[in-house]
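Asker: Can you read through this structure? Questions will come right after.
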Amino acid sequence: MGGDAEDLKWLIAREIPHLRRYACFLVGDRARADDLVQDCLERALRKRHLWKRHGTLRSWLFRLLYRLHIDAGRSLSRRRTATDAAADAQVSVQWPDQEPSLQVGDVAFALRRLPEDQQAAILLIGVEGFSYEEAARVLDIPIGTLRSRLSRGRDALRAHWSPELEESDRPALRRVK
């Protein structure tokens, strides 16, 4: 194998922690997430010739991972219980203080209550730092659809933390075009 193939393998290996984090949220289980990432990496190495080098390698890998997840046929209606989410948060994160741990568990629980399409959009933009264009490409949706999913997901998350606020009490957001 040439130097280019080795360089690509190294670049792919750098993305593994990000892929694992995203996969854990998508499937809700570490073992299944690791299997999904493994399948993604195998496919990426087998089909590396398909990466056209327009767009980032990272967005291409996330798209492969997301497509594999969708192809696995996970039902959108299946939701994890609060106990599962709390147990995951306690097992996977050891915080020095109890309050941040509870906040992480609360965020994870709130995210898992969202529809999967909103979860995916929020995680790609908010956690993984993708641009709107890259996230839309990963999810294979128009950018307007991505923005709509983000908006609805963010509204649902805000309602989770402050359900007592009426729409009129919420701060006005300025629209930027």
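Asker: What is the residue count in segment 118-159 for residues that are part of a helix (DSSP H, G or I) and either in contact with a Cys (Cβ under 8 Å, 6 or more places away or on another chain) or charged (D, E, K, R) (or both)?
Answerer: 9
Asker: Can L26 be described as in contact (Cβ under 8 Å) with a residue 60 or more places away in the chain and out of contact with any Gly (no Cβ under 6 Å at 6 or more places or on another chain)?
Answerer: Yes, satisfied.
Asker: For residues that are out of contact with any helix residue (DSSP H, G or I) (no Cβ under 6 Å at 6 or more places or on another chain) and hydrophobic (A, V, I, L, M, F, W, C), tally how many sit in segment 121-138.
Answerer: The total comes to 1.
Asker: Confirm whether D35 is surrounded by fewer than 17 Cβ atoms within 10 Å (Cβ to Cβ) and at pLDDT 90 or above.
Answerer: yes
Asker: Follow-up question, since we're still on this one. Residues in segment 4-16: is at least one over 17 Å from the mean Cα position of the chain (by Cα), at pLDDT below 80 and surrounded by 14 or more Cβ atoms within 10 Å (Cβ to Cβ)?
Answerer: yes
Asker: How many residues are small (G, A, S), closer than 22 Å to E134 by Cβ and not in a helix (DSSP H, G or I) if we restrict to segment 1-55?
Answerer: 1
Yes/no matrix, rows are residues, columns are (1) within 30 Å of T56 (Cβ to Cβ); (2) modelled with pLDDT under 50; (3) in contact with a strand residue (DSSP E or B) (Cβ under 9 Å, 6 or more places away or on another chain):
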{"position": "A86", "(1), (2), (3)": "no, yes, no"}
{"position": "Q90", "(1), (2), (3)": "no, yes, no"}
{"position": "F109", "(1), (2), (3)": "no, no, no"}
{"position": "P115", "(1), (2), (3)": "yes, no, no"}
{"position": "Q119", "(1), (2), (3)": "yes, no, no"}
{"position": "E164", "(1), (2), (3)": "no, no, no"}
{"position": "V176", "(1), (2), (3)": "yes, no, no"}
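The values are calculated or read from the model by the stated rules, or taken from the named source; none is laboratory data. Computed from a predicted model, the values in this text were never measured in an experiment. Note that we place each Cβ from the backbone using ideal geometry, even for glycine, and neighbour counts take in every protein chain shown.
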